[in-house]
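A short worksheet on the structure shown next.
Nothing in this text is a laboratory measurement; each read-out follows from the coordinates by a stated rule. These figures come from a predicted structure and were not determined experimentally. With ideal geometry, Cβ positions are generated from the backbone for all residues, glycine too; neighbour counts draw on all protein chains shown.
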Amino acid sequence: MTTDSLPQTSAGPAGTPAPATTPTAPDRQRRRGRRHITAAAKHTLLVVLSLMMVYPLIWLVLSSFRPSDLIFREPGLSLKGLTLANYSNGWTALGSPFGKYLLNSATLVLGAIIGNLFSCSLAAYAFARLRFRGRNLLFAIMLGTIMLPVHVVIVPQYVLFSRLHLLNTFLPLILPKFLATDAFFVFLMVQFIRGIPRELDEAARIDGAGHPRIFLQVILPLMVPALVTTAIFTFIGTWNDFFGQLIYLTKEENWTAPLALRTFLDAESASNYGGMFAMSVISLLPLFLVFLVGQRWLLRGIATTGIK
């Protein structure tokens, strides 16, 4: 029998398997086409979902330019009968200019931001850098308060501030911020401080710095992303708050924008939906501006605090 008559095998030298077949040009084109189709389907799905989420906002903006009698009679994204009358009428519909309520909201937000930045940063430094008895227990209790609904503590807080004669002022909504009551922001800053090398503290301590100087000159300048994140979240939460402001602010001169918007809806007479939508758009503008300006710091602050 000659070697030519032996069957040919696909094994290589020393019985090793033959190398994998290289994909041909048509195979590569088919794979590339499937990837393009998959990517197009994903992008189409994302666009559809994005439009579904943005649709209420677009409807709100368009409705703010439509007469009140057409808003619900002809729903949808109709451009019929657009007018600026809702903005001019809504601005003065409550007797006082709507800017007064926006100014009250801005005053309340400013106090809340200052309080959270001051108290939460100090509490976070204590939990992250100081060693004292019961630190872990107190930290666990603080984290547990995140799960505590505000409705549980609103009654004792109302009684307390009532006995202090602080109702119909901004103090019941601002003072708790100076006592580090927002445990989420304390936790966020603790996580950020733990990411700062302790060698910086030790170097400052060698130079004779104590805890106040270390906090002010070493830790605080490095906490800018966490501080900006806290400020943005505090701004959004306080500006949109309705329940707390409804409880403590009952006089018209102290109303904020959310409370003023509520008065556009009257259960006993005709409701001014056009004016309410117009003032709602104006009230949303500060939120969009703050988020657009601070989104870079917001993402950086969340990414560097271990909150994924």
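A few comments on the model shown:
- Ranking of Tyr158, Tyr248 by neighbouring Cβ atoms within 10 Å, starting from the fewest: Tyr158, Tyr248.
- Here the Kirkwood formula, the inverse mean of 1/r across different C-alpha pairs, assigns region 45-146 a hydrodynamic radius of 18.8 Å.
- Here region 96-303 yields Rg over Rh of 1.04, to two decimals, using C-alpha coordinates and the Kirkwood radius.
- Rounded FRET efficiency, nearest 0.05, which uses the C-beta distance separating Thr44 from Arg262 and R0 of 35 Å: 0.30
- Separation in nanometres of the label points that stand 7 Å from Cα toward Cβ, at Ala209 and Ile282: 4.7
- Likely footprinting exposure, Met189, Met142, fewest C-beta neighbours within 10 Å first: Met142, Met189
- 26 Å Cα cut-off, lysine pairs counted over the chain (separation 8 or more, or different chains): 5
- Gain on full extension, evaluated as 0.36 nm per residue between Thr250 and Val155 minus their Cα-Cα distance, stands at 32.6 nm.
- Charges were assigned to the Cβ only: +1 to each Lys and Arg, -1 to each Asp and Glu. The resulting dipole of the chain about its Cα centre is roughly 780 debye.
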